[in-house]
1. Looking at the range B:53-71 only, could you name the residues that are within 25 Å of residue A:245 (Cβ to Cβ) and open to solvent by 30 Å² or more (accessible area, probe 1.4 Å)?
2. Any residue at all in the range A:318-330 that is touching a Ser or Thr at 6+ places or on another chain (Cβ under 7 Å), buried (at least 21 other Cβ atoms within 10 Å of the Cβ) and either among the aromatic types (Phe, Trp, Tyr) or within 14 Å of another protein chain (Cβ to nearest Cβ) (or both)?
3. Filter the range A:273-294 for residues that are within 12 Å of chain B (Cβ to nearest Cβ) and within 16 Å of the ligand (Cβ to nearest atom); which is least open to solvent (accessible area, probe 1.4 Å)?
4. Could you please give the count of residues in the range A:437-487 that are open to solvent by 10 Å² or more (accessible area, probe 1.4 Å), within 12 Å of chain B (Cβ to nearest Cβ) and of a type in the set (Lys, Arg)?
5. Go through the range A:409-436 residue by residue and tally those that are part of a helix (DSSP H, G or I) and either within 14 Å of another protein chain (Cβ to nearest Cβ) or over 27 Å from residue A:360 (Cβ atoms) (or both).
6. Filter the range A:295-304 down to the residues that are surrounded by fewer than 23 Cβ atoms within 10 Å (Cβ to Cβ) and touching a residue at least 40 places away in the same chain (Cβ under 8 Å) and list them by number.
7. Only one of (1) more than 14 Å from every other protein chain (Cβ to nearest Cβ); (2) away from the ligand (no atom under 16 Å from the Cβ); (3) crowded, with 21+ Cβ neighbours inside 10 Å is not met by residue A:270, so which one is it?
8. Looking at A:316, A:323, can you tell me which residue is in a helix (DSSP H, G or I) and more than 16 Å from the ligand (Cβ to nearest atom)?
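The values are calculated or read from the model by the stated rules, or taken from the named source; none is laboratory data. It should be emphasised that the depicted structure is a prediction, and the values quoted were computed from it without experimental measurement. Note that each Cβ is placed from the backbone with ideal geometry, even for glycine, and that neighbours are counted across all protein chains shown. Calculation scope for accessible area: heavy atoms of the full protein, side chains included, ligands and nucleic acids excluded. Shrake-Rupley method; radii C 1.70, N 1.55, O 1.52, S 1.80 Å.
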Amino acid sequence: MNGYGGKILRVNLTTGQITKEPTPAHVAEKFLGGRGFGIYFLYTEVPKGANPLGPENKLIISSGPLSGTLTPGAGKMDFTTKSPLTGGYASASVGGHLTAELKYAGYDSIIVEGISPKPVYLYINDDEVELRDASDLWGKGAITVETELKKRLGEEFQIATIGPAGENLVKYACISHDFGRQAGRGGVGTVMGAKKLKAIAVHGTKDIPIADPQALLRLGTEAYKACKASGGFEAWVRYGTSGVTVWSNEVGAFPVRNFQAGALEDYSGLSGETMRQRIVITDKGCFGCPSPCGKYSFSKKYNIYVEGPEYETTALIGGDCVLTDIEDVAYANWLCDELGIDTISVGNVMAFAIECFEKGIITKEDTGGLELRWGEPKVVFTLIEKIARREGIGDLLAEGVKYASQKLGKGSEEFAIHVKGMEVSGYESHNAPAMLLSYMTCDVGAHHNRSWAITYDLQVGRDLVTPDKAERVIYLQHVRPLFDCLGACRLQWVELSIDLGLYPPILKAITGIDRSWEDLLKISERVWNLTRMYWVREVEGFGREWDYPPPRFYKEPVTYGPTKGKLMSWSDIQKLLDMYYEKRGWDKNGIPTPEKLAELGLADIVK
Amino acid sequence: MAKVKAVGILSRYAGDEMEVEGGKSVEELLASLGIPSPLVGIVLVNGRQVEKSYVIGEEDEVKLIPLLGGG
Ligand code: SF4
């Protein structure tokens with residue numbers, strides 16, 4: 001099959017059995033690859049009601065048809081599973097070099113099943129696949145293990161690994177790769193930990209069959225040239241996502257003090273320029289990327305090397321916990337990377353804990369004497385360690401803000417900042433209806449990756465709650481995650497504004513199948529609706545209420561920043577959902593109608 | 001004099017902060033500073049969003065905010 005590795009690798013950790021199956025052509029046709037494969041296998045293979053940490057849950061790791069080819073940023077890998085954090089659908093992607101390597105070894109997906117009786121890692125060297133003992137790696141940090149495995153196996157092996165947080169089943173543990181990139185959200189690393197799978201090491205040397213190599217060479221080169229010619233190129237490569245920090249503060253989108261404020265009083269210590277001048281030592285890119293946005297840094301203060309901090313880490317640890325020195329954020333970032341924790345969720349969790357302490361809901365007795373205060377680096381570092389090891393208060397906080405607030409009660413649910421159990425990422429949305437709707441309806445919980453609509457709010461008016469906003473969110477929810485089906489980075493389009501029209505001809509040159517943008521968007525809509533049906537199937541009573549935002553956004557006005565005093569109204573939230581469901585062809589409760597499912601060719605899958 | 005603040009990457013063109021005389025539109029201001037108009041996503045005057053055709057007043061505080069795609 002042109003454009004594909006051709007095989008699915010199935011690894012049963014309980015029995016140790018390893019099988020290779022041909023990649024089903026009908027699945028490639030309907031779901032493309034990446035997160036499309038992920039939800040297809042999750043929906044059809046993992047039984048209803050499976051315990052996310054039990055042997056029935058599977059971890060599905062997939063590349064896409066663009067992965068590993070001559071396409072800008074063709075290095076994204078998707079991890080799909082049933083989320084231990086939310087109980088619903090989880091899919092997280094990572095850049096780096098893993099996805100290309102997996103395809104060169106001849107595989108489109110790895111489906112990991114069961115639970116290993118002892119810690120193992122999965123070794124893949126082209127056709128040679130085995131489970132190897134990882135007892136000596138268990139307990140070690142993610143960066144340490146990656147370094148160690150490369151030493152043992154060779155630099156050419158690409159490694160994905162978990163840290164102690166994954167082993168200790170912290171509900172938002174991540175999977176790390178390439179010394180500082182993560183499949184971060186939803187607890188994909190927790191599932192690896194539950195399966196006692198410490199790492200995956202891949203090396204491949206095969207060719208990917210390409211339908212029309214000459215056309216790909218021409219079209220791919222054209223796309224690379226378009227990236228380099230982009231007006232945004234220089235700034236994007238200089239700052240990467242850290243360029244967002246100043247912007248976000250200036251427009252009041254920076255989460256501060258557990259999303260109470262929309263800007264820091266002084267953010268100069270966190271700006272992209274400060275970071276570049278003080279700690280960045282080099283740029284770092286993923287496979288085949290013309291615009292390396294990764295910033296590799298060294299902190300003198302802490303004597304550590306770290307990739308980042310990315311905007312999200314700066315927002316949730318710098319802004320939300322009020323650490324205003326980039327080196328403190330960098331060290332917290334390093335701790336999270338080594339321990340294997342999602343910086344977005346943990347930043348939220350810590351801000352929540354500090355607010356609980358301030359309000360007397362958590363006391364010194366609970367924290368072992370530690371006073372939880374805003375702006376204290378030591379508090380942040382200690383909490384991260386405690387959470388990763390589930391020590392003391394860390395045991396409760398390791399469950400995420402939804403569970404922790406339910407357990408603590410005393411009104412803390414009102415300021416537990418999550419949707420569907422996933423903590424909100426780095427955009428304060430009291431006065432940004434399209435962004436808030438993006439969070440409310442995102443298919444993994446409150447994450448910005450599917451739709452980033454805050455610029456749209458700014459452009460058309462922040463107070464407006466109009467149907468075009470719902471339309472915009474839906475459009476973005478189809479375009480952006482389409483890249484996760486294709487197995488490529490979306491940022492060349494998002495940040496460098498290269499023409500989306502470049503992609504269908506490239507995909508055709510690779511696969512030999514002619515598809516228009518509309519065809520591709522239809523596939524993305526199919527995937528979206530199937531992820532929705534997964535929630536419907538797995539979560540009892542799932543519906544409209546699950547799309548509600550955290551109460552803080554409609555009950556408490558912003559305390560500081562350009563949007564001071566603003567908040568959403570409850571009736572506008574209902575209006576947003578009504579408009580959104582209608583445009584999606586879903587019923588009033590947010591469930592896709594049978595007609596919609598039939599239209600998308602899902603009727604036979606969702607029975 | 002009106003105050004102009006260019007945020008983030010735009011500060012390369014205008015420095016962090018400068019003063020200009022009123023009476024020009026934002027579009028004209030951008031041209032005189034050599035800032036490519038498409039790079040400017042949002043213009044805030046005294047904290048409120050305005051069109052690029054807005055004519056700057058003597059007492060205004062103008063903030064030029066770059067267009068961003070976001071992560
Ligand atoms: S733009 Fe950044 S995330 Fe995307 S491929 Fe390049 S380095 Fe990776």
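1. So in the range B:53-71, the residues within 25 Å of residue A:245 (Cβ to Cβ) come out as B:61-71.
Listed by number, the residues that qualify are B:61, B:63, B:67, B:68.
2. no
3. Restricting to residues being within 12 Å of chain B (Cβ to nearest Cβ) and within 16 Å of the ligand (Cβ to nearest atom), the top hit is A:291.
4. Of the residues in that region, 1 qualify.
5. Of the residues in the range A:409-436, 4 are part of a helix (DSSP H, G or I) and either within 14 Å of another protein chain (Cβ to nearest Cβ) or over 27 Å from residue A:360 (Cβ atoms) (or both).
6. A:296
7. Residue A:270 satisfies all of (1) more than 14 Å from every other protein chain (Cβ to nearest Cβ); (2) away from the ligand (no atom under 16 Å from the Cβ); (3) crowded, with 21+ Cβ neighbours inside 10 Å except (1).
8. On the way: A:323 fails: in a helix (DSSP H, G or I).
Just one listed residue meets the conditions, A:316.
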